[in-house]
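Engineer: Sharing a structure below in structure tokens format, with a few things to ask.
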Amino acid sequence: MINIGELEMIKANMLQKTKKHGSVMVLALCAVVILSVMGGALLSLGMNSRIFATRAGSQVAARCAADAGLAKALFEMNKKLSVTPWDGSTLPSATTSALPGTSATFSYSVTTSSTGGYVIESVGQFGEASRKVTATLRLKGTFESAICTRGVLELKAGTLVDGYDSRDPSATDVTAPIMTASTLADSIVLNAGVVVNGEVVVGPDGDVGTVIKDLGATTGPRYACPYEYEFPPVTAPQLDAKPKISVKGTTLTLGPGDSGKYTEIVLKRDSQPAILEVSGGDVVLHVTGGIDLGQDCEIVVNSGASLTIYVDGNIVSGNNSGFNNKNSPRDFKLFGTGAGQTFEIKAKSDMFGAVYAPNADIVLKASGNIYGSVVSQSFALKSGGNFYYDVALAETDEAQEAVRFIVSRWQEE
């Protein structure tokens with residue numbers, strides 16, 4: 001038989017085991033609660049992260065669509081520039097245009113700003129996400145640098161490149177930037193004693209220490225252009241077809257009524273040099289062939305007149321021949337409209353003019369100084385004088401040659 005003492009011991013052991021089982025159950029219950037809370041938190045975090053990622057992706061898609069609308073609007077504005085005369089009464093716009101490859105859309109409008117320029121507003125939409133970008137446009141002209149080339153630009157020893165403003169001769173803070181769009185070694189050659197009162201710019205991502213061959217020059221800041229530089233083509237206007245201009249040993253005078261499309265210009269010396277003289281107003285010539293200036297022969301632009309030449313061929317100049325513009329550089333403009341051209345441009349004294357020939361290799365010689373601007377494939381200055389950039393040439397409007405709209409300011413909302 002079990003005595004009372006043993007019975008009490010059995011009861012005590014059973015009570016102790018019961019207490020232990022109760023503690024384990026409490027601990028297990030606490031663990032379940034903690035794990036449930038952690039699981040819920042992790043699930044909530046995952047859901048929130050997924051929602052955030054979805055929203056962020058939608059915002060990125062909307063932003064891409066808005067940028068696409070901006071690019072399309074800029075393209076359409078520059079497309080309008082190719083149609084003459086410029087018509088600003090209707091400006092490009094689009095509504096809910098699809099962004100290819102996505103379900104995003106964009107809408108844009110172009111309006112005239114209070115300052116006289118143009119503003120693009122583009123809105124991108126992807127689901128519930130919406131982003132807007134606003135850009136201010138400006139016209140970029142052909143003559144915003146003193147000298148600009150696609151390839152090699154070489155200045156002879158001792159050359160000064162400086163700026164001035166023919167509209168305000170008293171201006172003293174005018175600089176004269178020079179640039180090449182190339183990133184190849186030695187694309188800009190600055191010989192000993194060259195002084196450039198302005199920036200020296202090389203092609204995008206170019207190494208200025210490699211692209212610029214400095215043989216002892218003094219210049220302003222040197223840096224790589226932050227964007228791909230464009231050289232828009234120029235198309236000659238529609239003009240009445242006429243025979244070639246051929247002058248030998250005499251003077252031929254052209255006026256506005258003689259504007260036209262000529263096969264070539266040939267000036268040759270006889271007992272006297274041949275002179276082609278422009279007087280009485282604005283004269284525009286499209287030369288489908290070349291220009292040949294014999295020894296001592298000149299093309300002269302008289303006071304009060306202007307001359308614009310579009311030439312498809314080459315320019316050849318004999319000794320002591322060349323172009324003689326008696327006005328500001330804005331009154332003589334020479335456009336190269338062919339491919340693989342070579343221009344040998346000379347002047348008996350100072351030369352005033354602007355040359356835009358992005359496919360031409362140009363050698364420029366003058367007995368005096370050169371005033372104006374040059375854009376070319378390559379450029380070598382072999383002048384006896386210096387080069388002065390007329391900043392007035394940078395002033396432009398929609399009617400000017402080879403202008404284009406670019407973004408000057410940009411903001412996102």
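The values are calculated or read from the model by the stated rules, or taken from the named source; none is laboratory data. Only a predicted model underlies this, so the values are computations on that prediction, with no experimental measurement involved. Glycine gets a Cβ as well: all are built from the backbone with ideal geometry, and neighbour counts include every protein chain shown.
Engineer: Given the criteria within 30 Å of G198 (Cβ to Cβ) and within 36 Å of the chain's Cα centre (by Cα), does T219 qualify?
Structural biologist: The answer is yes for T219.
Engineer: Still on this structure, I have one more. Among the candidates G290, G338, which residue alone is under 27 Å from the mean Cα position of the chain (by Cα) and in contact (Cβ under 8 Å) with a residue 12 or more places away in the chain? If you could, list the steps in order and put the result at the bottom.
Structural biologist: Values: G290 fails: under 27 Å from the mean Cα position of the chain (by Cα).
Every option except G338 fails the conditions.
Engineer: Working carefully through the options R131, R63, find the one that is in a helix (DSSP H, G or I), more than 28 Å from V234 (Cα to Cα) and not polar (S, T, N, Q).
Structural biologist: Matching residue, one of R131, R63: R63.
Engineer: Pick out the one residue from T111, T90, T142 that is over 17 Å from T396 (Cα atoms), polar (S, T, N, Q) and not in a strand (DSSP E or B).
Structural biologist: The conditions single out T90.
Engineer: With the condition kept exactly as written, say whether any residue in the stretch 207-219 is surrounded by 15 or more Cβ atoms within 10 Å (Cβ to Cβ), of a type in the set (V, I, T) and in contact with a helix residue (DSSP H, G or I) (Cβ under 8 Å, 6 or more places away or on another chain).
Structural biologist: Checking the stretch 207-219: not a single residue is surrounded by 15 or more Cβ atoms within 10 Å (Cβ to Cβ), of a type in the set (V, I, T) and in contact with a helix residue (DSSP H, G or I) (Cβ under 8 Å, 6 or more places away or on another chain).
Engineer: Continuing with this model, one more query. Within the stretch 305-326, count every residue that is over 24 Å from K382 (Cα atoms) and either touching a helix residue (DSSP H, G or I) at 6+ places or on another chain (Cβ under 6 Å) or at pLDDT below 95 (or both).
Structural biologist: Counting residues in the stretch 305-326 that are over 24 Å from K382 (Cα atoms) and either touching a helix residue (DSSP H, G or I) at 6+ places or on another chain (Cβ under 6 Å) or at pLDDT below 95 (or both) gives 1.
Engineer: Next question. Given the options Y223, Y227, name the one that is part of a strand (DSSP E or B), under 30 Å from N191 (Cα atoms) and of a type outside the set (D, E, K, R).
Structural biologist: Just a single option satisfies the conditions, and that option is Y223.
Engineer: Of all residues being more than 22 Å from the chain's Cα centre (by Cα) and among the aliphatic types (A, V, I, L, M) in the stretch 122-144, which is nearest to E412 (Cα to Cα)? Just the residue, please.
Structural biologist: If we filter the stretch 122-144 for residues that are more than 22 Å from the chain's Cα centre (by Cα), which is where we start, we get 123-132.
Narrowing the set further to residues that are among the aliphatic types (A, V, I, L, M) leaves 123, 129.
Numbers: V123: 10, A129: 14 Å.
For the stretch 122-144, the residue satisfying everything is V123.
Engineer: Could you give me the residue pairs with C-beta distances under 7 Å whose first residue belongs to the stretch 213-239 and is at pLDDT 95 or above, whose second residue is small (G, A, S) and surrounded by 11 or more Cβ atoms within 10 Å (Cβ to Cβ) wherever it lies, and which are 6+ apart or on separate chains?
Structural biologist: Note: pairs meeting the criteria are L215/A192; G216/A192; G216/G193; G220/G198; A224/G203; A224/G206; L239/S259; L239/G260.
Engineer: Considering only the stretch 74-81, I want to know if a residue exists there that is touching a residue at least 24 places away in the same chain (Cβ under 8 Å), in the same structural domain as F405 (by TED's automatic domain parsing), touching a Phe, Trp or Tyr at 6+ places or on another chain (Cβ under 7 Å) and part of a loop (DSSP other than H, G, I, E, B).
Structural biologist: No, because not a single residue in the stretch 74-81 is touching a residue at least 24 places away in the same chain (Cβ under 8 Å), in the same structural domain as F405 (by TED's automatic domain parsing), touching a Phe, Trp or Tyr at 6+ places or on another chain (Cβ under 7 Å) and part of a loop (DSSP other than H, G, I, E, B).
Engineer: Of everything in the stretch 269-301, what is surrounded by fewer than 17 Cβ atoms within 10 Å (Cβ to Cβ) and either on the phi < 0 side of the Ramachandran plot or not small (G, A, S) (or both)? Give them in sequence order.
Structural biologist: Hits for the stretch 269-301 are D270, S271, Q272, S279, D282, G289, Q295.
Engineer: Still on this structure, I have one more. Among all residue pairs at least 6 apart or on different chains, which show Cβ distances below 7 Å where the first residue, located in the stretch 150-166, is polar (S, T, N, Q) and the second is not in a loop (DSSP other than H, G, I, E, B)?
Structural biologist: Taking only residues 6 or more apart or on different chains, the pairs are T159/L381; T159/F387; S166/P329; S166/D390; S166/A392.
Engineer: Here is a follow-up. Looking at the stretch 294-310, which of its residues are in contact with a strand residue (DSSP E or B) (Cβ under 7 Å, 6 or more places away or on another chain) and farther than 18 Å from F352 by Cα? First the steps, then the outcome.
Structural biologist: First pass over the stretch 294-310, keeping only residues in contact with a strand residue (DSSP E or B) (Cβ under 7 Å, 6 or more places away or on another chain): 294, 297-302, 305-310.
Scanning the stretch 294-310 gives a single hit, G294.
For (1) farther than 18 Å from V247 by Cα; (2) touching a strand residue (DSSP E or B) at 6+ places or on another chain (Cβ under 7 Å); (3) of a type in the set (K, R), each residue gets a yes or a no:
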{"position": "Q272", "(1), (2), (3)": "no, no, no"}
{"position": "D292", "(1), (2), (3)": "no, yes, no"}
{"position": "N325", "(1), (2), (3)": "yes, yes, no"}
{"position": "G336", "(1), (2), (3)": "yes, yes, no"}
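Engineer: Further question on the same structure: Can you find, within the stretch 341-375, the residue that is farthest from the chain's Cα centre (by Cα) among those that are small (G, A, S) and more than 20 Å from D162 (Cα to Cα)?
Structural biologist: Kept after step one, since they are small (G, A, S), are these residues of the stretch 341-375: 347, 349, 353-354, 357, 360, 366-368, 372-373.
With more than 20 Å from D162 (Cα to Cα) added as a condition, the list becomes 357, 360.
Values: A357: 16, A360: 20 Å.
Among residues in the stretch 341-375 that are small (G, A, S) and more than 20 Å from D162 (Cα to Cα), the one farthest from the chain's Cα centre (by Cα) is A360.
Engineer: Still on this structure: Mind listing whichever residues of the stretch 81-121 are closer than 18 Å to S408 by Cα and at pLDDT below 90?
Structural biologist: L81, S113, S114, T115, G116, G117, listed by residue number.
Engineer: When you look at S349, is it assigned by TED's automatic domain parsing to the domain that holds S182, in contact with a strand residue (DSSP E or B) (Cβ under 9 Å, 6 or more places away or on another chain) and surrounded by fewer than 17 Cβ atoms within 10 Å (Cβ to Cβ), yes or no?
Structural biologist: yes
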